[in-house]
1. Tell me, please, whether a residue that is surrounded by fewer than 17 Cβ atoms within 10 Å (Cβ to Cβ), assigned by TED's automatic domain parsing to the domain that holds B:Ala36, β-branched (Val, Ile, Thr) and more than 21 Å from B:Leu55 (Cα to Cα) can be found in the range B:228-242.
2. Filter the range A:1-52 down to residues that are part of a strand (DSSP E or B) and surrounded by fewer than 14 Cβ atoms within 10 Å (Cβ to Cβ), then give me how many there are.
3. Report, by residue number, each residue of the range B:65-79 that is surrounded by 17 or more Cβ atoms within 10 Å (Cβ to Cβ) and under 19 Å from B:Lys159 (Cα atoms).
4. Among the residues of the range B:130-159 satisfying the criterion of being facing another protein chain (nearest Cβ under 9 Å) and basic (Lys, Arg), which is surrounded by the most Cβ atoms within 10 Å (Cβ to Cβ)?
5. Yes or no: the range A:196-206 includes at least one residue that is of a type in the set (A, V, I, L, M, F, W, C), crowded, with 17+ Cβ neighbours inside 10 Å and either in contact with a strand residue (DSSP E or B) (Cβ under 7 Å, 6 or more places away or on another chain) or touching a residue at least 24 places away in the same chain (Cβ under 8 Å) (or both).
6. May I ask you to list the residues in the range C:74-103 that are surrounded by 17 or more Cβ atoms within 10 Å (Cβ to Cβ) and without any contact (Cβ under 8 Å) to a residue 60 or more places away in the chain?
7. Of all residues in the range A:236-286, which are over 19 Å from the mean Cα position of the chain (by Cα), of a type in the set (A, V, I, L, M, F, W, C) and within 10 Å of chain C (Cβ to nearest Cβ)?
8. Report yes if A:Gly231 is part of a helix (DSSP H, G or I), among the small types (Gly, Ala, Ser), more than 14 Å from chain B (Cβ to nearest Cβ) and out of contact with any His (no Cβ under 8 Å at 6 or more places or on another chain), otherwise no.
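The values are calculated or read from the model by the stated rules, or taken from the named source; none is laboratory data. Computed from a predicted structure; not experimentally measured. No Cβ is skipped: glycine too gets one built from the backbone with ideal geometry, and neighbour counts run over all protein chains shown.
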Amino acid sequence: MDSRFGRFWLAMGYAFLYIPILTLVVLSFNESKLVSVWGGFSLKWYGVLAKDEAVIDALFLTLRIAFFSATAAVILGTLAAFAMVRYPRFFGRTTFSAHLNAPLVVPEVITGLSLLLFFVMIQNLLGPVEEWGPFLTLFKNTFGFPEERGAFTIWAGHASIGMAFAAVVIQSRLIEMDKSLEEAAMDLGCKPFQVFYLVTFPQIVPALLSAWLLTFTISMDDVVTTAFLSGPASTTLPVLIMGKARLGLDPTINAIATITVAIVACAVFAGSLYMFRQEKKLAAEAAAAYRDAD
Amino acid sequence: MNARNAQADAGFVRIDRLTKRFDDVAAVDNVSIEIAKGEIFALLGSSGCGKSTLLRMLAGFETPSEGTIYLEGQPVSAMQPYNRPINMMFQSYALFPHLTVWDNIAFGLKREGMPKAQIEERVEEMLRIVQLKKFVKRKPHQLSGGQQQRVALARALAKRPKLLLLDEPLGALDAKLREETQMELKNIIKNVGVTCVLVTHDQDEAMTMADRIAIMSEGRFRQVGLPFEIYETPNCRFVADFIGKVNLFDGALTEDAPDYCVVTTPEGVFYVNHGVTGTEGMDVTVAVRPEKIGLSSSAPTDTSRNAVTGTIVTNSYYGSASIYHVQLATGKRVLVSCEHSSRHDEHFQRDDPVWLCWEPESLVVLRS
Amino acid sequence: MSAVTRIVGDLRQGWGRYTVIGVPYLFLIVLFTIPFLVVLRLSFSQADGASFADLTSYTDGILHIQIKLANYIYLATDDLYAETYLSSLKFAAINTGLCLFIGYPFAYFMVRSPVSMRPALLMLVSLPFWTSFLLRVYAWQGLLDDEGIINGLLMWVGIIEEPIQMLRTSFSLIVGMVYTYLPFMILPLYSNLVKMDMRLLEAAKDLGCGPLKAFWLITVPLSKNGIIAGSMLVFIPSVGEYVIPTLLGGPDNLMIGRVLWDEFFANNDWPMASSVAVTMVLLILAPLVIFNRYQSQTGGDR
């Protein structure tokens, strides 16, 4: 009884989690614009999407911001994780850890609002950038900041949120890593930086990768903070979708969703296949090792 | 070897009044010792006694709060671990999981900037010493526990360190493998001739592997000596109790001569064939090992032996020996171990009345 | 000599240490602390758009500090805001309760599944994280719309004749929130329950507990930390939720995140939006502080 009820509960739970996603996929192939009418199989919404330059532009902007903010977040998150794990005592450590975890609990509306006001304040304080010399002018010409908000301000916001998430992932890997590996490296003649790139780095690569993917996804996905930080010329894909969704149902969103799901599904499938093979290989090798142990 | 060299060899490693405090708690408390060249020196103690902290100071992972470590007369305690001619075999081996056996062993040599041909030669030599030639291309997870241990040893020896540190070298192996490995490890170290400090909580490991043992507790050395000395003539209650099994009788010193003494305890008056530097009437403890006690059903004829009566409480037969718990008239329980050297040895059962007797020379008087 | 080498060594190590701690710290201060202080300051200003009237001025040798509490007084006295805060807390609490009700048995049955199946089950729970949250919320629009899939299905079966209004009601808001936050409840519960020693349940049965009693007396108390962690992970972000109430909620479902947004973008009242934000942080801080205190207490017990 226990197990039959359990299976039922699990099945219902997974249905709840997956049916909405599946409906998006199915509806993206619906000829009809109406949700409740099946107008036949069609790829027409994908065609509409491909011709929609606003969507394409937004997509590339989103990818670009996500790439750079994930990279920055992982670098900063690695440093922060090291600070937390390797230095049990430093001035202001409690404050540091509170700061580091804050973006995980503070609602996005607040992060977005505070960053926006901060950028506006800098803009007001600096005034016309040209008066501050060639360096800031070059900065403005490259990033558009502080003259106006856009890709740069979004990047900064996403990097600071992503850093918190990256730090959590990397921290947990660092904690479970055998500290004596680093000591062994030092014992065998590695200077501190050599210890990092010869021993620690190879150990945490998987964590860095998953932290990067996570922060990339968070950036790709973010609506609220982005809406606060974006300027007129910088609409990201989620902001665009949000705008469309507020106006009601739009079949092109279904097509976007289906493409996302397909990419994620492929990545997950490839990833788990790789992990499965790797695990099998490891198991076989370990078994062989014990067989011919002398 | 002339006298001068012998002198230098005796103090090859010199630890001078070394103290390490964590938050005002002394993990290692004013420890001094000299270790000779080629010696295997064991630090034995239960967890938290400071033995690991001492080892980590030798390796350079902890900085001493006070005191200095000298290696061949040179102070090394201010050197970074990566500059010290000291290598360590870690408790969990700490083999780099992303490198092969070969790369693990060559790791330290590459950091030294040794020429490639020479590295190959040295790694080859190490692989021969630990008999792992077949496994060069394997990664650590593809090795059994015993093989991993040998890779760790080869890696630590590859740089020809002046001092080898072993942190619980057999702790990660199962009991059966441990015994064989113990002897093998000792052989390799003795053949290579490297000076070695070994940390362990396992007294059998310390006894079989080490030339000399230091018993540590609460950051201090309680006794330093040959394994034989530590077992047969412990210098305090703690050491007597820590190494092997022992029966302790508290009493008072009633007679003290240069070559014998008498201790009066509630269980009886015991004659001991060594003198004690102390005053008559002082509180002392008499220690006797279980295997030094003889059991018989009748009173011993030799009156020079110490003898008391008691009743068997439990008897356990182990084949080669029997272990008895005997209750004395005072209620004190004594542990007796009888080796069965003959098939017709007397066996005692529960509630049998027995005589326990032992030679005056089997006793040790402990003053603390 | 040795002292010199030691000092040089310390400095060299110190350089790495300062970088590792300093760089992320600086980044956090610039992009988190200072912006929040800006909000805090602005919340005490008047509603004059984007300008920053100075709160402090130094005239005639006297330091003047002006704090305008007008925004806070308005927040405290206006019924709309009180109602909004209360209703945010209400929806967050309902959401947390429902997630726990659905998620606890879910996590429990995941743990009781064969070991070989667990990784797949776990992956299926965390998979939705990787697809866009916005798109998943949007999907409910299509499901719950008057002309949506559920209404269409119900009318086709003949259970109803007229479509029921589900979208833009409290119902759709709660469904969307539970749907979004359920994995946040399941994952910590799972990782807590999976560590539990199953022999404890056998011991309880051996001592005369029925399965339900054993569950209630052994499993539930032992998973207390998982329940708390999951509840915090659901409750805190759902208080400040903006996307779900905007896409799925009705006009009368007041949520604080949405009010802040409107205050900012529609009314252009930045100081007011700042005051709302500060109050919201205080609202969220309270359960966090209690949680931390609780954790340090239980941490001391063990």
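1. yes
2. Residues flagged as part of a strand (DSSP E or B) and surrounded by fewer than 14 Cβ atoms within 10 Å (Cβ to Cβ) within the range A:1-52 amount to 1.
3. Taking the range B:65-79 first, the residues surrounded by 17 or more Cβ atoms within 10 Å (Cβ to Cβ) are B:67, B:69, B:71, B:76-79.
The answer is B:Leu71, B:Val76, B:Met79.
4. Restricting attention to the range B:130-159, the residues satisfying the condition of being facing another protein chain (nearest Cβ under 9 Å) are B:131, B:134-135, B:138-139, B:141-147, B:152, B:155-156, B:158-159.
Checking which are basic (Lys, Arg) leaves us with B:134, B:138-139, B:155, B:159.
Numbers: B:Lys134: 12, B:Arg138: 18, B:Lys139: 19, B:Arg155: 31, B:Lys159: 22.
Among them, the one singled out is B:Arg155.
5. Checking the range A:196-206: at least one residue is of a type in the set (A, V, I, L, M, F, W, C), crowded, with 17+ Cβ neighbours inside 10 Å and either in contact with a strand residue (DSSP E or B) (Cβ under 7 Å, 6 or more places away or on another chain) or touching a residue at least 24 places away in the same chain (Cβ under 8 Å) (or both).
6. Answer for the range C:74-103, where residues must be surrounded by 17 or more Cβ atoms within 10 Å (Cβ to Cβ) and without any contact (Cβ under 8 Å) to a residue 60 or more places away in the chain: there is none.
7. A:Ala245, A:Leu249, A:Ile253, A:Met275, A:Phe276
8. Working: part of a helix (DSSP H, G or I): no; among the small types (Gly, Ala, Ser): yes; more than 14 Å from chain B (Cβ to nearest Cβ): yes; out of contact with any His (no Cβ under 8 Å at 6 or more places or on another chain): yes.
No.
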